[in-house]
Amino acid sequence: MLESESYYCPYCGEPAEALLDLSAGDQSYIEDCPVCCRPIEFELRTDGTEWELDVRAEND
Ligand SMILES: [Zn+2]
């Protein structure tokens, strides 16, 4: 099941949207910002229904 979640880039502050695959459980991964191309660290915690997404700069 895919959900989308809006976030703001921790570097440039531009809004973007992340696609979350809740069926894969807890995940952390890095994706480049679509605007400034810097690496954003995502941490997804989910039980498959509810989720919580943390977005931060890679070096924080
Ligand atoms: Zn950015």
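Observations on the model:
- Signed unit charges on C-beta, dipole axis of the stretch 2-57, positive-most listed residue Cys9, Leu22, Phe42: Cys9
- Radius of gyration over Kirkwood radius for the chain, both on Cα atoms: the Rg/Rh ratio is 0.96.
- Within the chain, the longest run free of GluC sites (Glu not before Pro) that sit in a DSSP loop with at most 13 other Cβ atoms within 10 Å is 1-49.
Every read-out reported here was derived from the displayed coordinates using simple, explicitly stated rules and does not represent laboratory data. Keep in mind that this is a model prediction, so the values were computed, not measured. Cβ sites come from the backbone with ideal geometry, for glycine too, and all protein chains shown count toward neighbours.
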